[in-house]
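Bear in mind these aren't lab numbers, they're just calculated from the coordinates by the rules spelled out. From a predicted model like this one, the values you see are computed outputs, not experimental measurements. When we count neighbours, we look across all protein chains shown, and the Cβ atoms used for this are built from the backbone with ideal geometry, even at glycine.
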4 protein chains.
Amino acid sequence: MNQQQKTWTASVIGASGYSGAELIKLLKRHPGIEIEALYAHTQAGKHFSELYPAIPCDKVFQTYEGQTDSDIYFLALPHGEALRLVPGLLAAGKKIIDLSGDYRLEKVDEHKHFYGGDKSPEAVLQYGMPELFRDEIVKSTAISNPGCYATSIILGLAPLFRGGMVGLEVESVNVTAISGISGAGRSAKTELSFSEMSGNMRAYKVGKHQHTPEIMQALGTSATEPSFRFVMTPMIAPYVRGIYSVLNVRLASPATMASIRELYAGFYADAPFVRLRNGVTEVSHVANTNFCDVSLAFENDGSLVIITAIDNLVKGAAGQAVQNMNLMLGFDETTALL
Amino acid sequence: MNQQQKTWTASVIGASGYSGAELIKLLKRHPGIEIEALYAHTQAGKHFSELYPAIPCDKVFQTYEGQTDSDIYFLALPHGEALRLVPGLLAAGKKIIDLSGDYRLEKVDEHKHFYGGDKSPEAVLQYGMPELFRDEIVKSTAISNPGCYATSIILGLAPLFRGGMVGLEVESVNVTAISGISGAGRSAKTELSFSEMSGNMRAYKVGKHQHTPEIMQALGTSATEPSFRFVMTPMIAPYVRGIYSVLNVRLASPATMASIRELYAGFYADAPFVRLRNGVTEVSHVANTNFCDVSLAFENDGSLVIITAIDNLVKGAAGQAVQNMNLMLGFDETTALL
Amino acid sequence: MNQQQKTWTASVIGASGYSGAELIKLLKRHPGIEIEALYAHTQAGKHFSELYPAIPCDKVFQTYEGQTDSDIYFLALPHGEALRLVPGLLAAGKKIIDLSGDYRLEKVDEHKHFYGGDKSPEAVLQYGMPELFRDEIVKSTAISNPGCYATSIILGLAPLFRGGMVGLEVESVNVTAISGISGAGRSAKTELSFSEMSGNMRAYKVGKHQHTPEIMQALGTSATEPSFRFVMTPMIAPYVRGIYSVLNVRLASPATMASIRELYAGFYADAPFVRLRNGVTEVSHVANTNFCDVSLAFENDGSLVIITAIDNLVKGAAGQAVQNMNLMLGFDETTALL
Amino acid sequence: MNQQQKTWTASVIGASGYSGAELIKLLKRHPGIEIEALYAHTQAGKHFSELYPAIPCDKVFQTYEGQTDSDIYFLALPHGEALRLVPGLLAAGKKIIDLSGDYRLEKVDEHKHFYGGDKSPEAVLQYGMPELFRDEIVKSTAISNPGCYATSIILGLAPLFRGGMVGLEVESVNVTAISGISGAGRSAKTELSFSEMSGNMRAYKVGKHQHTPEIMQALGTSATEPSFRFVMTPMIAPYVRGIYSVLNVRLASPATMASIRELYAGFYADAPFVRLRNGVTEVSHVANTNFCDVSLAFENDGSLVIITAIDNLVKGAAGQAVQNMNLMLGFDETTALL
């Protein structure tokens, strides 16, 4: 931490879900942040610690009614709700980190197609993936925090697309991404009950790439006309935290593993939370951390297998949000995250 | 069951592992089988029910020393051990079902390359996948039972390769296959402990296709010169039973979903254990059953996603073995399995 | 099975819950039963196999409107609903097995106190615990199936209270009983979600013995004035199936372990599903079976520790119901249950 | 933290097990501690992060050969090994926290009886339970850290025995204590494998109270002649972290819940990690924290049910060790623990 740093006040809107709770846990550890208010209208009046006894915090949930007294606002709301609140917070000169999908897609028509609502083309928030946009984030006041699946896939692919190795061209990417069940939120659904999910595993939304445009946008290619074929199957498996993504990548021309590892190592040289692993990473290696692990291997046919692992609630949500906040406010990027 | 059927005596060599125990459970329910002896030299002298109290059976494990008094022998041994026992059992005129990999690969050089030992080219056992080789199995006396990963992948692909739809050609197949932890056997390993695997998931043998030649052989193509590109990543997830395989298939030319479903439905019209599902199957839909579920969907880019689910210990091992036995001995194919 | 047995038709009212589904699984295996209709008004029109793909059954859920065409009716309904249906079924001369609590307590005032509704004092169903009331069940046409907690506790204590060892008197019993989460039913509740229950354990209804009167009644003592002190704490742990009960029993005078084991062995000599174990039983030893395992040990202070294990959906519900049916209809007690 | 505090160097002997790893995680967060060396002879030469990738730490495991260069030594070794190392460390004037059972029992004969080895009567370490012995710990240089089961039980009972409510007398205590599987250590055992423990639960050492003397000693009564009857059954359930203890307490004379709650609240008024809860606590409420939660309720017969929950690796081991260290070194008791 920068010793001269002032203490900033922070509030969380949508603080009763799993991402909101993870934010409270991290912000409590942060020496430069004072948590001011927790908003969650469905839980208004209850203590935070009633819902999350393992995270001691004596705040009471309130209903958000336009308050602007904090320095920075985190929004951890269902998709669509941030669109209504962000303009007011921007107008009040607040710093903002939105964890929803509302501002992830820059193109208004893509947003409408994939999220199903209109949004004003004026409000563009900086896409908050520090490993790709650190300089822009440092200069920003409002951030759209990436999605969890997108984070695990973009970080696995970015060096291939943005790393600048001569002659490297990707023909196709096949992704199988397995999420922990907390990714479905704190919800009462029969199909997410312990009795249904213990011993179980299921794919969902097969053939419907809602995450594709976000990934393409970050990689610098077009979702409607991407430069490569992209297929993704999301699944859930019986663990609470984590996303484990297997990316099968076909390259247009051969490359050596040494050159590819060098490409990745160079691309992430300044990224404190991306670890290029020697062996095969596992979900437990990153659970409850802000790391994104990357493992690389060749298949016999010369195609590349990239495996990435993150904690969906940390690097895939609250941790990346705090990492973005650190950059915006001038803290060391890793404060409260190691 | 054929009413005139005599009762056959059956023994299991390697009866103390998970596949062996599953065999006992199924054979106990079979009206035409009497279990005669259980062999497991590391557990010799112990009662079966000491190891598996949920499967009541009062037999005591013995050491196998060449006994040939039963009509049929199941071998559920580690790879390499069946090679020593099968010749003697064949010479004694016994019926045999071998659950190991020892006789799966017909080509001696492929076997040596992938399993690392020599075997006599004379002894060829019939590959026991009823959905592809029912007629041959009915006429056989010795069966090599398929591997669990191979079963889940072959049954997902066979209609595309052997189903005879005009113009259908597969360019590439990318497989992610997730196994339950029982697939690693009944073993004492730190990395398979509850403390390590709860909340965890890991890939292994990335880039090393030990299952490829078995799959290629069954599909009628060559492992060294397959007609399509094939990539497979095996994983384990925190559940005990099941294999969930996601097959991303790129076709050389477009096809309609209706025609592909018709192809699959026709191919499996007489297969009582393969279910072409309307929605997306799940591991719990097949756990503790002999079913192989198949779900089909198109991706936006026109490629096909095939998801299959089996129980690795049932359809992937003991259940398929009993299914093969039923065919060999003239029982209804589903006896003791529904 | 009695070879001359006719085939009986059976219907299940409340067939969409976990106990109902378990009943279908068991009845399908029964050689003397033909499943006729499945009633579940919230799921009417859906196929059974849509909800339970692992249990192949092509029946469609219907709404129950007073049908009486089957020989035997199983009621697996929420507490209170059987009270409305049983009189009509009795009047129609049907055989009945009710899995709810509606007819478990014989005393009308106890029922009102613990279940909170009135019931007619005329309709008394036979309490269906075969190990204690086999002769009465054989002669009955209508059975009230015991509760799952009560089953695991009564079977652990009955030899002490009803076994007739001279001088044996129980001063107090402290019970901790841990149920699998399926005991809470197939329901959509946040507190039963995988994300909340994985890695978790909780007691509930502490200090509120709703199961006490059923246990006292079966043991032949009074709930309001029992002959011994009785304390029970129910809990749930992160597994799907099972009840594991630890009974700390203080005896009024010393007894030898040999004499107590002899008492238990004698009491259960004719009970095919109660196993007096030598070592300590585990939940996995009885999961998916109709067994009730009993382990016995002394504490240093001379008090007795009895541990029992059952599968709450089998011996604690559907399995015991089929066991009762077998006795009522004249089948072998174990038919479809081993 | 005391601002003038110097930085102390700390080493961990036995750093490769779960308790050792948890210590590293906590010490890394501590602003007044620098981790110096990690000793684990079976893993010597490996990086700590190879075994625990989720806890970034670039130290390499070494073999301990009598080094005394650190200010404080944590010993997280199997029972018996600290007895050989502590005398040398004491002689060198080092501060010591021993997490094993070697110095928990003050009476040499009790130690010999329960742990099976001799120990010198001279070396007595302070029993490190801050809630009972804070003043003594502050003045100590060598601490014996309590056992995990004992911690969960002593903290549940101490106010009754040491709290000084007039007329309060305990007749008997029946304990059922359920531990997470990490309590069995990082080990390769078939019976602790995921395949065996998923869906399972088991009691062990039934009737053999190895934890009794530690509990009696802390409560101020004699293990051989305790003032009340004490029975304990330990179990493991399928979760990784936590101990959930249900204490059934029979009081000699009636007391009101208000007076008992007041007793507990007063007794723990200065204890930052003991929480007297209004409702029923759960394992997830304390997992990954240093809290010990206590819930209180009356049974119908007037006996008291006390439920406590801790994380066995934190409050039951490494967290309590750091809490003791904070007291010994003059840090705020909660440093690195909230």
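Quick notes on this structure:
- Using θ = phi - 60° and Karplus 6.51 cos²θ - 1.76 cosθ + 1.60, couplings along segment D:282-288 (whole Hz; Gly, Pro as x): 9, 4, 5, 6, 10, 4, 6
- GNM top mover of A:Thr42, A:Thr281, A:Thr151 - chain A, alpha-carbon springs below 10 Å: A:Thr42
- In a simple Cβ point-charge model (Lys, Arg +1; Asp, Glu -1; nothing else charged), the protein assembly as shown has a dipole of about 0 debye relative to its Cα centre.
- Inter-centroid distance (Cα atoms) of segment D:249-309 relative to segment D:152-222, Å: 16
- Under conditions of 25 °C and 0.890 mPa s, the protein assembly as shown yields 73 µm² s⁻¹ as its translational diffusion coefficient, taking Rh as the Kirkwood radius over Cα pairs in the Stokes-Einstein equation.
- Size of charge dipole - segment D:149-312 - debye, nearest 20, with Cβ of Lys, Arg +1 and Asp, Glu -1, no other charges: 340
- For D:Thr233, the residues whose amide H sits under 5 Å from its own are D:Val175, D:Thr176, D:Ala177, ignoring neighbours fewer than 5 places away on the same chain, with H placed 1.01 Å from N.
- Straight-distance candidates among the lysines for linking to B:Lys95, with alpha-carbon spacing under 16 Å and chain neighbours fewer than 8 residues away dropped: B:Lys6, B:Lys139.
- Reciprocal of mean inverse Cα separation for chain C (Kirkwood radius, Å): 20.5
- Residue (of D:Ala265, D:Gly116, D:Tyr204) at the positive-pole extreme of chain D, dipole from beta-carbon charges: D:Tyr204
- Listed by chain and number, the lysines whose alpha-carbon sits under 17 Å from that of C:Lys25, ignoring those within fewer than 8 places in the same chain, are B:Lys25, C:Lys59, C:Lys315.
- DSSP bridge analysis restricted to segment A:149-312 gives an antiparallel fraction near 70%, rounded to the nearest 5.
- When only Cα pairs below 8 angstrom with a gap of at least 6 residues are kept, chain D shows a relative contact order of 18 percent.
- Take D:Gly88, move 7 Å from Cα toward the beta carbon, and the resulting point lies 5.4, 6.8, 8.3 nm from the same point in each other copy, nearest first.
- Estimated inter-spin distance, B:Tyr204 and C:Asp58, nm [label 7 Å along Cα→Cβ]: 4.2
- Along each principal axis, taking the top coordinate minus the bottom one, the Cα set of segment B:61-193 gives 53, 44, 26 Å in descending order.
- When both bridge partners sit in segment B:10-135, DSSP labels roughly 5% of those beta bridges antiparallel.
- Ellipticity at 222 nm from helices only: DSSP H runs of n ≥ 4 in chain B, each -39500 (n - 2.57), divided by the residue count, give -7500 deg cm²/dmol.
- Rotationally averaged projected area of segment D:105-163 (alpha carbon convex hull; nm²): 4.7
- For segment A:213-267, the calculated P(r), taken from all Cα-Cα distances in 5 Å bins from zero up to the bin holding the longest distance, is 4, 13, 15, 20, 22, 16, 9, 2 percent.
- Along each principal axis, Cα extent of segment C:149-312, largest first, Å: 51, 33, 30
- Cα point-scatterer Debye curve for segment B:215-338, base-10 log of I(q)/I(0) at q = 0.10, 0.14 Å⁻¹: -0.37, -0.74
- With label points defined 7 Å past Cα in the direction of Cβ, position B:Glu34 shows copy-to-copy spacings of 3.3, 7.9, 8.6 nm, given to one decimal and shortest first.
- Projecting 7 Å from Cα along the Cα-to-Cβ direction, the label point of C:Ser227 sits 3.5, 8.0, 8.6 nm from its equivalents in the other copies, listed shortest first.
- The label point for D:Arg134 and the one for C:Gln67, both projected 7 Å from the Cα toward the Cβ, are 6.9 nm apart.
- Sorted largest first, extent of segment A:38-122 alpha carbons per principal axis (Å): 42, 27, 18
- Within the protein assembly as shown, percent of DSSP bridges classed antiparallel, to nearest 5: 45
- Point-charge dipole on Cβ atoms (K/R +1, D/E -1) for segment A:113-218, about Cα centre, debye to 20: 300
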